[in-house]
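The structure appears below as structure tokens.
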Amino acid sequence: MDDLTRELSGARWRKSSLSGHDGGNCVEVATLSSGHRAVRDTKDRTGPALVFTADAWSVFTAAIKTGHLD
């Protein structure tokens, strides 16, 4: 098992408190020890995760907050 796989398997995942409990269209995010962020689909928690650098994640979340992705 490589380091990233090991880290993802032990990651502390979180989803927005605004997400419903019906298993809808939600994602979970984990902050990895490297500072990278991992994102996965709540409907497939054993499936693949996307991993982003801290800088890319900051740009992405800033774009969401300012409405650039609406």
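Derivation of every value follows stated rules applied to the coordinates shown; laboratory data play no part. The shown structure was predicted, so the numbers you read here are calculated from the model rather than taken from an experiment.
As an exercise, find the ratio Rg/Rh for the chain from alpha-carbon atoms, using the Kirkwood inverse-distance average for Rh.
Reported Rg/Rh, Kirkwood definition of Rh: 0.98.
Under a 5 Å amide H to amide H cut-off, with H placed in plane at 1.01 Å, what residues pair with Cys26 once short-range neighbours are removed?
Amide H to amide H, under 5 Å and 5 or more residues apart or across chains, Cys26 pairs with Thr42, Lys43.
Please list, in order along the range 7-14, the HN-Hα scalar couplings obtained from phi with the Karplus expression 6.51 cos²θ - 1.76 cosθ + 1.60 (θ = phi - 60°), rounded to whole Hz, x for Gly and Pro.
Once θ is set to phi - 60°, the couplings for the range 7-14 become 5, 5, 5, x, 5, 9, 7, 9 Hz.
Which whole-Hz ³J(HN,Hα) couplings does the range 25-39 yield from phi under the Karplus relation 6.51 cos²θ - 1.76 cosθ + 1.60, θ = phi - 60°, glycine and proline marked x?
Listing the rounded values in order: 7, 10, 10, 10, 10, 10, 8, 8, 4, 6, x, 5, 10, 10, 10 Hz.
Show me, for the range 44-52, the HN-Hα J-couplings you get by feeding each phi into the Karplus relation (A = 6.51, B = -1.76, C = 1.60, θ = phi - 60°), rounded to Hz, glycine and proline as x.
Per residue, the Karplus-derived 3J(HN,Hα) values read 9, 5, 9, x, x, 10, 8, 10, 10 Hz.
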